[in-house]
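Notes follow the structure.
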Amino acid sequence: MLLVELEQSVQQLKRVGPATARAFARLGIATERDLLLHLPRGYQDRTVSRPIAEARDGVECNTVAEVIAHDTIGWGPRKTLKVYVRDASASAALVCFGREFLATRLKPGVRIRLAATFSYRYGELQSSSFEFEEADSPPLLFGRVIPVYPLSEGLTQAVVRHAVSQVLDTSARHVEDGFPEALRRERSLLSPEAALRAVHQPATRQEAEQARRTLAYEELFLQQLRLMLRSPARTVKSRLQKLPHRLRARAVATLPFALTDDQARVIDEIIADLNGTTVSARLLQGDVGSGKTLVAFLAALPVIEAGRQVVLMAPTELLARQHANTAERILGPLGVRVCLLTGSIPVRVRTPLLQAVAGGDAQLIIGTHAVFSEATRFHDLGFIIVDEQHRFGVSQRAALVQKGRDADLLLMTATPIPRTLALAYYGDMETSTIHSMPPGRKPIRTHLARLSNEQKVYETVRRELAAGRQAYFVYPLIDPSDRSELKNAETMSARLQHEIFPDYSVTLIHSRVPEDEKRDRMDRFVRGDAQILAATSVIEVGVDVANATCMVVEHAERFGLAALHQLRGRVGRGELQSYAFFVYADDLSEDAKARLRILHQTSDGFAVAEEDLRMRGPGDFVGVRQSGFFRLNAADLTQDADLLDTARNDARTILARDPALAGQPLLKRLVEVHDHLEARAV
Ligand code: ADP
Ligand code: MG
């Protein structure tokens, strides 16, 4: 029996009625297979006994106790049973909220095995979170390592454990997962049955961890295989060409500055892709301000010179427009026809633009996702560039590539990605990295400030404004509608204007400001007519105003580290000394402060990203949550980097040795399981 085929409904299990089935459904669990793949989030080790008196700070006791008396608290429908128990070390009260029925099982004189966490209340040790079984019955929940499952409302650990153990007893014995046997032996993996048993009912923690690593390895192997199978690099181009480079050389010659070594190197890497025999997909990583836009334009020129079209897609209209302006400035004089295509362009204007794109008159098309709408037909799209792409998942990447015939793909991101995430998420792509900044940049001075010290921040900003500089203020909310304690951009922009900086002009941008209004306000800020820009994190990507030297983020604890690093990158874009102020809540926990301090300690985006991954896990990582692709079940990218490397190499080796592998039914089914898990988690 294959794991994928365990499709009986959980409702057929004992003690699983319609209500419990619905509770399981809330966790995405419908079938026996889903249940087997519902892995414990941790374990309680009940192999070591611990008397009541030694159970402290959330540590369970694991003891044999005797019931000594009953009592009740409250009255009427809220009456609650209290059962007094005693072991050799101490006595304590078990508070049985809503479990009056326990009175008959816990009669005075009965001896029980007891696991409980206690707190000291009303002069006695109390527990409302306990598990027990009669001491003269065979141990089920004691003397072993007990799984602790993620729950949904309506489920208890006991119900899940019971359901899982039924499936293990009836079905796990025959289960096969179709994983290549040679590989299983080579990597010393457990059999599927052993792995599933050990992960749900381990004898020791080590056994549980060994089982988890087996499942994690398989999961990562499949994920890598899947990425490789989907990789555009498997498509051979129908036309091969050696691209001309005269236009690019002319563009470089007209620049007011020299390319950095890193820029020159990555442009070469990209152009090698464009000249390559298979369709390429490359990820270009470079910290904010490292000059990726120019790289994109210069890499696009050979394609344009060869008579094909290039698309540059940006996540916001603001950014698309800015790129179009830059392109017009740098490439316009060389005769390149640039076309801006966004959702807010009125039909009357758009129709001729679309004609220009379809007819091949437009050579460099810049826009938001509107560039890939149904209405857009390209004459001959050869190269797709996506800026600040962390919102695009694997399947979206594939869809993009299909828009162009053999079009090469370049994704650019200023959100550095930790290595494990990059491999797991972008394993189908090559990567290029810009490490160095254009010369002359001064490191940004980063300060952390308590909310109550905010006046000091305002004073520094005031000094900068007086010197003719500009400032950003970023808030976690748009307006007061949420009735939150948090500051919001709308209220604060009014306060900044009228109370704090009445001598300067403040403008406001957030996602609910209509596009044309947004454009006008942004233009005012770019021109310097407004000195202060109040905003939400919409300005996170792309905005480039060299005269802005202050970035103030309020309620910084509400933002991810990577996002804060991005925001910080909005300043320090010229040669002026710039400042970032991260203002945090007065009552912020030490952990959260330690997290913010990382930004103070390093300006290296990769270091920030690694730290963010370590502290918060991949789930919180920019773009990861939306992708769905990342909902790994058994694997944990913060601790399984070694497994990922091995799995990746194995997948590559196997695919190289046996390219037909993708067609093998068993592997196909395995990949389906994986797909199923992915769908389930979203
Ligand atoms: P990002 O990588 O964040 O997209 P940009 O492409 O917006 O960075 O570049 C930031 C700024 O640096 C722009 O104003 C750009 O003109 C400038 N710049 C790019 N390359 C160089 C260079 N080699 N020397 C000096 N300035 C550069
Ligand atoms: Mg950029």
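Rule-based calculations on the coordinates, nothing more; no lab input. Everything numeric in this text was worked out from a predicted model, so none of it was measured. Methodologically, a virtual Cβ is constructed for each residue, glycine included, from the backbone with ideal geometry; neighbour enumeration extends over all protein chains shown.
Relative to the dominant Cα principal axis of the chain, helix 590-601 is inclined by about 30°.
Each part gets one Cα centre, and for region 341-360 versus region 18-46 those centres are 51 Å apart.
The calculated pair-distance distribution of the chain uses every alpha carbon pair, bins of 10 angstrom beginning at 0, and gives 3, 13, 19, 20, 18, 14, 8, 4, 1, 0 percent. Among DSSP bridges having both ends in the chain, what percentage is antiparallel? Round to the nearest 5. Percentage antiparallel, nearest 5: 40. Dipole magnitude for region 445-602: computed about the Cα centre from +1 point charges on Lys and Arg Cβ and -1 point charges on Asp and Glu Cβ, it is near 420 debye.
Give the angle, between 0 and 90 degrees and rounded to the nearest 10, that separates the Cα long axis of helix 347-359 from the longest principal axis of the Cα atoms of the chain. The helix 347-359 is inclined about 80 degrees to the chain.
The ellipsoid equivalent to the alpha-carbon distribution of region 445-602 has semi-axes of 22, 18, 15 angstrom, derived from the gyration tensor eigenvalues as √(5λ) and listed largest first.
Computed over the Cα atoms of region 246-434, pair by distinct pair, the Kirkwood hydrodynamic radius stands at 16.6 angstrom. For the peptides 368-374, 497-503, 280-286, 28-34, the ranking by mean Cβ contacts within 10 Å, running from highest to lowest, is 280-286, 28-34, 368-374, 497-503. Counting only DSSP H runs of at least 4 residues, each contributing -39500 (n - 2.57), and dividing by the residue count of the chain, the helix-based mean residue ellipticity at 222 nm comes to -11500 deg cm²/dmol.
Say the cut-off is 30 Å between C-alpha atoms; which of Lys292/Lys456; Lys518/Lys593; Lys292/Lys442; Lys82/Lys593; Lys79/Lys107; Lys292/Lys593 go over it? The pairs that break the limit, which is 30 Å between Cα atoms, are Lys292/Lys456; Lys518/Lys593; Lys82/Lys593; Lys292/Lys593. Placing unit charges on the Cβ atoms only, positive for Lys and Arg and negative for Asp and Glu, gives the chain a dipole magnitude near 680 debye about its Cα centre.
The mean sequence distance of close C-alpha pairs (under 8 Å, at least 6 residues apart), as a share of the length of the chain, puts its relative contact order at 13 percent. Taking only the alpha carbons of region 48-143, we obtain Rg and Dmax values of 12.7, 40 Å in that order.
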